[in-house]
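Here the structure is laid out as structure tokens; the discussion comes afterwards.
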Amino acid sequence: MTIVQDLLKKVKNKPLHLSLLDPDKQPPDVAGIVAKEVTDAGSSAIMVGGSTIASQTQVDDTVKAIKSHTSLPVILFPSGAQFLSKYADAVFFMSLLNSRNLGYIIREHVKGAPFVRKVGIEPISMGYVIVEPGMTAGKVGECDLVKRNDIDTAVGYALAAQYLGMSFFYLEAGSGAPDPVPNAMISAVKKNIDIPLVVGGGIRNKHTAQEKVQAGADIIITGTALEKERRVGEALREIIHVIEA
Ligand code: 1GP
């Protein structure tokens, strides 16, 4: 079974949690230790990526350290073709649909696709849209941010992603966002699409995670919670418990 088949099967039964580790936020050995903690806490996969990565080596070293501490799938979440790693299992082959920069929509994909084929990492198609406040990802991604009350536009992007054949649709408020994607937007998008809805950005505790799942999120991504918490495992276990409950 491929990683996408496995994720799609699991998400039919219950909402899932994915952990995001940014290679720029900690050295590889620390990423390895965190990977073990998130595995024990019950996360379903580990994503590796960020908007401020310096080199492919930085990604390679982080992925290798993570792989040596977990058997969970490691899925790249790249901001460009130069940040792919042959050591990962898969890559979210995602188009930043509300970017003004064609690079993030398709051109980086054209550059990276031959590498993905050559090294045999699994591409997982995902439509990616950033909602206000957007934070660094919104700025670096040169996005026309979806306004927090513009539900129709969010639904339009989600349907477009589904009609383009993407496997997942990701609505994100930006890493460290003071306010995550609004519940009303999540509910409306969820009602309109059949592909799994991924939500992330600013989800730091179990109460917010529960709210987002109740609104309709199929997959919750957390990143900052992993960087800020001293007791990562304990904090995540609580979050994952309410997501899967
Ligand atoms: C990943 O932005 C999310 O796309 C992660 O957000 O760091 O706020 O959890 P946090």
| said: For Thr62, only one of the following conditions fails: (1) touching a residue at least 40 places away in the same chain (Cβ under 8 Å); (2) under 22 Å from Gly216 (Cα atoms); (3) part of a helix (DSSP H, G or I); (4) polar (S, T, N, Q). What is its number? | reply: (2)
| task | Working only within the range 106-143, note down all residues that are open to solvent by 50 Å² or more (accessible area, probe 1.4 Å) and either in contact with a strand residue (DSSP E or B) (Cβ under 8 Å, 6 or more places away or on another chain) or under 20 Å from Pro196 (Cβ atoms) (or both). | result | Ile106, Pro123, Glu132, Glu142
| Within the set of pairs 6+ apart or on separate chains, which have a first residue in the range 205-234 that is more than 11 Å from the ligand (Cβ to nearest atom), a second that is among the polar types (S, T, N, Q) and outside any loop (DSSP other than H, G, I, E, B), and C-beta atoms under 8 Å apart? | Glu211/Asn183; Lys212/Asn183; Gln214/Asn183; Ala215/Asn183; Ala215/Ser187; Gly216/Ser187
| query | Given the conditions (1) out of contact with any Lys or Arg (no Cβ under 9 Å at 6 or more places or on another chain); (2) crowded, with 23+ Cβ neighbours inside 10 Å, and given that Asn13 satisfies all but one, which numbered condition is not satisfied? | reply | (2)
| Before we move on, is Val34 under 30 Å from Gln162 (Cβ atoms) and either touching a residue at least 12 places away in the same chain (Cβ under 8 Å) or in contact with a strand residue (DSSP E or B) (Cβ under 7 Å, 6 or more places away or on another chain) (or both)? | no
| request: Only one of these is under 21 Å from Thr136 (Cα atoms), in contact (Cβ under 8 Å) with a residue 60 or more places away in the chain and surrounded by 18 or more Cβ atoms within 10 Å (Cβ to Cβ): Leu84, Leu97, Leu76. Name it. | output: Leu97
| query | Quick one: what pairs do we get from the range 1-12, first residue within 13 Å of Leu197 (Cα to Cα), second among the charged types (D, E, K, R), C-beta under 6 Å, 6+ apart or different chains? | reply | Val11/Asp218
| said: Let me confirm something: among Glu227, Glu211, which residue is out of contact with any Cys (no Cβ under 7 Å at 6 or more places or on another chain) and modelled with pLDDT under 95? | reply: Glu227
| field | Residue that is touching a Phe, Trp or Tyr at 6+ places or on another chain (Cβ under 9 Å), outside any loop (DSSP other than H, G, I, E, B) and not polar (S, T, N, Q), where the choices are Ile33, Ile75 | value | Ile75
| remark: Selection from the range 153-179 of residues open to solvent by 10 Å² or more (accessible area, probe 1.4 Å), in contact with a helix residue (DSSP H, G or I) (Cβ under 6 Å, 6 or more places away or on another chain) and not aliphatic (A, V, I, L, M) yields Ser167, Ser175, Gly176
| task | For the range 199-211, name all the residues that are open to solvent by 10 Å² or more (accessible area, probe 1.4 Å) and in a helix (DSSP H, G or I). | result | Lys206, His207, Thr208, Gln210, Glu211
| said: Being open to solvent by less than 50 Å² (accessible area, probe 1.4 Å) and in contact (Cβ under 8 Å) with a residue 12 or more places away in the chain: is that true of Ala41 here? | reply: yes
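The values are calculated or read from the model by the stated rules, or taken from the named source; none is laboratory data. Everything numeric in this text was worked out from a predicted model, so none of it was measured. Cβ sites come from the backbone with ideal geometry, for glycine too, and all protein chains shown count toward neighbours. Remember, those area values only see protein heavy atoms, side chains included, never the ligands or the DNA or RNA. Shrake-Rupley method; radii C 1.70, N 1.55, O 1.52, S 1.80 Å.
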